[in-house]
1. Going down the table (Lys289/Lys326; Lys245/Lys382; Lys326/Lys382; Lys318/Lys382), which pairs top 28 Å between alpha carbons?
2. Please report how far the C-alpha centroid of the stretch 160-220 lies from that of the stretch 272-347, rounded to the nearest whole angstrom.
3. For Lys382 and Arg193, calculate 0.36 nm times their separation in residues minus their Cα-Cα distance, and state this gained length in nm to one decimal.
4. What's the ranking of 60-70, 302-312, 192-202 by average number of surrounding C-beta atoms within 10 Å, highest first?
5. Round to a whole angstrom and tell me the spacing of the C-alpha centers of the stretch 379-449 and the stretch 88-109.
6. Could you tell me which helices of the chain pass both thresholds, a Cα extent of 18 Å or more along their own axis and a mean Kyte-Doolittle hydropathy of at least -1.0, with helices taken as whole DSSP H runs?
7. If a/c stays under 1.5 just call it rounded; otherwise compare a/b with b/c (prolate if a/b is bigger, oblate if not). Do that for the chain, with a ≥ b ≥ c from the square roots of the Cα gyration tensor eigenvalues.
8. At a 10 angstrom cut-off on C-beta neighbours, averaged per residue, how do the peptides 225-238, 108-121 rank from highest to lowest?
Amino acid sequence: MFKNIRQLTPFSLTLLAMAFVMSISQSTMTTTYPMLMAQFHINTITVQWLTTGFMVAMTLAMPVSPWLLNNVSLKRLLNGIGIIFLVGTLLAMLSPNFIGVIIGRLLEGIAVGALFPTFQTIIMENSDEKRRGEAMGIVGLVMGSALAVGPIVSGVLLQWISWRALFGFFLIILTVLLLIMQGKISQTHSIARTTFDWWSALSLLGFGGLLYAISIIPTSGINLVWWSVIVVSVFLLGMFICRQKRLTTPFLDLSVLSFQGYRPAMFLTGLSYSGLIVATVLMPLLYQKVYGISPLFSGLLMVPPAFILSQLNPRAGKLLNQIGLKRLVYIGMSMMILGYLLLGFFGQMSWLIGLLAAVLLEGGNAFVMMPAITAAGNALPKDLISHGTAIITSMRQFIGAGSVVVASILIAYFNQVGSFGHALMISARWLMLMPILGIILALRLKEDN
């Protein structure tokens, strides 16, 4: 792993460090909910906007990244992304009311959404196709580890300080990284300026609307307002698709979907990511509510799966060129199925069972997600990689968020007729359908993909 990291340029290393710090912010806030509810006198539905709003803002920013890459120099773009995140973090940390915290989180979400496809595109464009799998394996290491590290960081800081210290942590670390990065940023992406298409950008609100509608199902249910959001969102997305087909230079080039091998890889990325993000949600609940483990120790139990993930990601990237995506998908999805089987039938027996299941779920993700993104990028010409990366990261976020919602609904439903542990086990059996679908999808891949 460390040998592969040393082969990256200083610019790529600082990009990865920046992405790692900003990625941690995705999974740190859930542990602060009780404190925020008590301090600001708000209910569960309101406090969950910290996560829901972040995800919606993040998803809205992702499709804009190809235009930003083509029209803004990398130094200005990366500094701008960093400054937006810092402003949001500072606002959330110092705000005397909950509205300020929400606005801060929205700004953080915009920054993270713009950064993710940007840094993946830069690394993919500047990697030789034969070494691209290894480079993207390191990207997977960063993203997967950050999701697992988030609860650990928040558990430690909340144990001894306060929720404001969590934002202070991001503020200090990212400021230092931005200062270090200034002399290392290289303009490796060609600028091809076009006019910003406001109609396309506004119609992308439909994608954020769909993600919002999915995210609020566990707390708000399905009602007239929910259906209204769905109808308006689908209409806006229809407008967006029609407009991209008419534009000479599309805001987001949907022609990437027509390249052979891209679409299966896109869905496989989302399905594998669902296992990773569901594990980060389910496992702390299992440790705390079933085994009675403290939040701090439950966070520390996420370290072994994160370590396994960090070891497997670069290796899976190297294996992509040796055995192909199809066989990697079979390995990864089989590991995820086994992880869900352990949770679904033996989850209440011991926290060691839960730990092993988490290792299998996160380890399985390593064999699928980044190799699939690499295969999707390899299927595209270089000038379309930024568009393909923006679409695939948006879809990954959409499927991942949907998986968490499905898990929440299943747990809430089965918890009504049994214990929480029983509800979690039944939910894991249903979630097993995701990797099974991944194996079915892999059957459509060619052996050399």
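1. Correct reply: Lys289/Lys326.
2. What the calculation gives is 26 Å, centre to centre.
3. The Lys382-Arg193 span can extend by a further 66.4 nm.
4. Highest to lowest by the protection proxy: 60-70, 302-312, 192-202.
5. 30 Å
6. Values: long enough: 10-24 (21 Å, 1.95); 74-94 (30 Å, 1.76); 98-125 (41 Å, 1.47); 132-160 (42 Å, 1.26); 163-181 (28 Å, 2.43); 224-246 (34 Å, 1.36); 262-285 (35 Å, 1.17); 303-346 (36 Å, 0.92); 351-366 (23 Å, 1.50); 385-415 (44 Å, 1.17).
The qualifying helices are 10-24, 74-94, 98-125, 132-160, 163-181, 224-246, 262-285, 303-346, 351-366, 385-415.
7. Note, shape of the chain comes out rounded.
8. Details: 225-238: 14.6, 108-121: 25.6.
Top to bottom by mean Cβ count within 10 Å: 108-121, 225-238.
All of the numbers you see were taken from the coordinates with simple rules; none came from a lab. Given the structure is predicted, the values throughout are model-derived calculations rather than measurements. Because the Cβ atoms are built from the backbone with ideal geometry, glycine has one as well, and the counts that use them run over all protein chains shown.
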